[in-house]
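Structure record follows, encoded as structure tokens.
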Amino acid sequence: MMKSFIGRRAISSAVSLGGLIVLVFFLTRLTGDPTNLYLPLDAPMEARDNFRVLHGLNDPLIVQFGSYVYDVLHLDFGESIRKARPALEVVLEAFPWTLTLAVVTMGLVTLFAIIIGSLAAARVGGVFDRLSGIMSLIAASTPEFWVAIVGIFIFAVSLGWLPTSGTGTIWHWVLPITVLFIRPFGLILQVVRGSMISALSSPYVKTARAKGVRQRAIIFVHALRNGMLPVITVIGDQAAGMLNGAVVIETIFGFPGVGKLMIDSILQRDFSVVLASIMVTALAIFIMNLLIDLLYAVLDPRIRY
């Protein structure tokens, strides 16, 4: 049953990746001719033709597309025009930075959201519940790019406590992680609170209380597991959005991840790197969503059937 489920997910993801390949190919070609960027404006026509032939840009569009699909199916994304290296190699050098940033941030988001949301649900209407509700609404409504700019101005420029960009020390990670932390934390905290309120009002929780089980064990052992299913859905969605949407934050903080690499490659019309960046990110999101679906089955055996 599980193998059949994984097979169906793999097929649906392959179809989505196929559509993405077609979309990326034609959209990148709309950005313009790379020869105008990489060669001087007064370069002779012969030099322009040689450049196009070298990078396969002189063939008819349908021929370019056929070669492009064939190469992608063989995991060959071509060569980076800007770096004169295999595009996949360039992307795989940048991807661990984005993955580390996303994993660390989502780990902190999940930990704090579950703890605060569970404690808020334990005393609905209390001071802690009200404060956490206000905090979650503000966090979920705050645009990340604005927080990034304000954070740089206050903590890097005015106070000089943190560096503005780079990855040299642990302090270089503080602002990017903090900015990426805020919005997912607000959203997940709201879902944890609502889910835990429902779980804590269930009959099995009332039975545990009647048996004298401690409040902490009721919240974090009995209720949390049953309240986690909707939370995992939101965590997966936010994690995928973080992998896919760290472009702005990486660009603002000069973070050497896939997001910044993709923006630079689009501006420099480095088609091969753009394609490789999108495909690697899409594959990572597919694997993550598959793992989340498998986690559903672990938490609730009924889902397996």
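The values are calculated or read from the model by the stated rules, or taken from the named source; none is laboratory data. Keep in mind that what you see is a predicted model, and the values were worked out from it rather than measured. All Cβ positions, glycine included, derive from the backbone under ideal geometry; neighbour counts span all protein chains shown.
Which count do you get for residues in segment 144-159 that are at pLDDT below 85 and either exposed (fewer than 13 other Cβ atoms within 10 Å of the Cβ) or aromatic (Phe, Trp, Tyr) (or both)?
1
Mind listing whichever residues of segment 254-294 are at pLDDT below 80 and assigned to a loop (DSSP other than H, G, I, E, B)?
The answer is 268, 269, 270.
Only one of (1) loosely packed, with under 13 Cβ neighbours inside 10 Å; (2) under 25 Å from residue 242 (Cβ atoms); (3) in contact (Cβ under 8 Å) with a residue 12 or more places away in the chain fails for residue 61. Which number is that?
(2)
Could you list all residues from segment 124-175 that are part of a loop (DSSP other than H, G, I, E, B), touching a Leu at 6+ places or on another chain (Cβ under 9 Å) and without any contact (Cβ under 8 Å) to a residue 40 or more places away in the chain?
162, 163
Provide a single number: the residues in segment 114-142 that are more than 13 Å from residue 185 (Cα to Cα) and either surrounded by 14 or more Cβ atoms within 10 Å (Cβ to Cβ) or at pLDDT below 85 (or both). Give the derivation first.
Within segment 114-142, the first condition is being more than 13 Å from residue 185 (Cα to Cα), and the residues that meet it are 118-131.
Remaining after also requiring either surrounded by 14 or more Cβ atoms within 10 Å (Cβ to Cβ) or at pLDDT below 85 (or both): 118-126, 129.
So the count comes out to 10.
Checking residue 82 against (1) in a helix (DSSP H, G or I); (2) out of contact with any Phe, Trp or Tyr (no Cβ under 6 Å at 6 or more places or on another chain), which test does it fail?
Checking residue 82 against (1) in a helix (DSSP H, G or I); (2) out of contact with any Phe, Trp or Tyr (no Cβ under 6 Å at 6 or more places or on another chain), the one that fails is (1).
If residue 251 passes every condition in (1) at pLDDT 75 or above; (2) surrounded by 14 or more Cβ atoms within 10 Å (Cβ to Cβ); (3) out of contact with any Gly (no Cβ under 9 Å at 6 or more places or on another chain) but one, which one does it miss?
(3)
Do we find a residue being within 22 Å of the chain's Cα centre (by Cα) and farther than 20 Å from residue 108 by Cβ anywhere in segment 212-233?
Yes, there is a match, as at least one residue in segment 212-233 is within 22 Å of the chain's Cα centre (by Cα) and farther than 20 Å from residue 108 by Cβ.
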